[in-house]
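Inspection log for the structure reproduced underneath, given as structure tokens.
The values are calculated or read from the model by the stated rules, or taken from the named source; none is laboratory data. These numbers were taken from a predicted model, which means no experiment stands behind them. So basically every Cβ, Gly included, is an ideal-geometry build from the backbone, and we count neighbours across all protein chains shown. When the accessible area is computed, the model is the full protein with side chains, heavy atoms only, and any ligands, DNA or RNA have been set aside. Shrake-Rupley method; radii C 1.70, N 1.55, O 1.52, S 1.80 Å.
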Amino acid sequence: MKLIVNADDFGYSPGVNAGIVDAYKNGIVSSTTMMANMYGFEDALKLHKEYPGLGVGAHLVLTSGKPLTNLPKEFLDDNSEFLRRPIYLDDQNESIERAWLEGELIYKEWKAQLDKILDAGFNVDHIDSHHHMHTHEQTRAAAKKISEEYKLPVRSSYLDEKYFNSPDFVKLDGDGLLSNKNTDKQKFVELFDHITSFETVELMVHPAYVDFYLMDNSSFNTARVYEHMWLTSDYIKGLVKERNIELVTYKQFK
């Protein structure tokens, strides 16, 4: 079977970038998604030139960092940065309607982000988003428009694959197990046994090394170190090898 292990948040900060690249070099990460508007973008660009085999998608952003276009003040906090996830999505990832989430504004912002990534030389092979914002009821049309315009597949996340005409494979969230230092190894056996019951799976992960920017700007910080630990562990690599799992990228599904 084929497994895409996608590390979200490439470009967030140098520490996140370094953790992702190391989890590619020495672990099972095969793909990542780039944030065009974040502190570590230029650093990510330099790193990827050294490791071009790492698949790269676009991680579209509305809930972190500063916008690339001139969005109305309603999108922004007092530091002119995007409002955070709880403004738009509840704990069950259900959409919270906001009057300012106008489709054309979102389309222009996300298009600017994708164009910046492409102009930097990245060979983008798919689209997803920070905090799954592309699945919000008021943003999904903009994401669909971009995916069709650029002919890029989209991580369906919590929506039916057919909304975005996404690749017809299973998407799993690895954070719950991987971010816990003390996860029972039997849980990983069960996870990879489940994975091998399908033809193709995308496993979403968030490995990183911690740096000051991550600590100051994200509540999901030190747990990422444990994700890196597990994703580069001999134990996890052994589970992948024993099951003849082929690590791939979205390029195979464009």
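General observations
- Given a 1.4 Å probe and the protein chains as shown, residue 68 ends up with an accessible area of around 70 Å².
- For residue 171, nonlocal amide neighbours, meaning residues 5 or more places apart or on other chains whose placed amide H falls under 5 Å from its own, are 202.
- Entries in 185/251; 46/73; 116/254; 49/108; 2/241 that, when Cα-Cα distance is taken, lie over 24 Å: 185/251; 46/73; 49/108
- Separation of segment 75-91 from segment 183-230 is 25 Å, based on Cα centroids.
- Carbon plus sulfur fraction of accessible area for segment 203-245, probe 1.4 Å, in percent: 55
- Shape call, the chain: gyration tensor on alpha carbons, a/c limit 1.5: prolate
- Spin-label pair residue 25-residue 100: with each label point 7 Å from Cα along the Cα-Cβ axis, the two points sit 4.1 nm from one another.
- Mean separation of Cα contacts under 8 Å (6+ apart) over length of the chain, as relative contact order %: 28
- For segment 1-111, carbon and sulfur atoms together expose 47% of the accessible surface, with a 1.4 angstrom probe and every protein chain in place.
- Solvent exposure of segment 16-93 as accessible area per residue, Å², 1.4 Å probe: 41
- Accessible area of residue 84 in the full protein assembly, 1.4 Å probe (Å², nearest 10): 90
- Relative contact order for segment 140-254, counting Cα pairs under 8 Å that sit 6 or more residues apart, in percent: 25
- Å² of accessible area per residue within segment 103-160, as computed with a 1.4 Å probe and no ligands counted: 38
- Cα gyration tensor shape for segment 134-254, rounded if a/c is under 1.5, else prolate or oblate: oblate
- Sorted on the mean count of surrounding Cβ atoms within 10 Å across their residues, most packed first, peptides 191-199, 229-237 read 229-237, 191-199.
- Computed accessible area, residue 164, all protein chains, 1.4 angstrom probe, square angstrom: 10
- In the chain, helical runs assigned H by DSSP with n ≥ 4 each contribute -39500 (n - 2.57); averaged across all residues and rounded to the nearest 500, the mean residue ellipticity at 222 nm is -10000 deg cm²/dmol.
- Modelled label reach - residue 51, point 7 Å along Cα→Cβ, segment 213-254 residues with backbone N closer than 15 Å: 225, 227-233, 248-249
- Simple Cβ-charge dipole of segment 1-134, Lys/Arg +1 and Asp/Glu -1, about Cα centre, in debye nearest 20: 400
- Three-way shape call for segment 201-254 based on the alpha-carbon gyration tensor, with the a/c threshold at 1.5: oblate
- Near residue 129, the amide H atoms lying under 5 Å from its own belong to 60, 134; only residues 5 or more places off or on other chains count, and H is placed 1.01 Å from N.
- Gain on full stretching of the segment that runs from residue 79 to residue 185 - 0.36 nm per residue minus C-alpha separation: 33.9 nm
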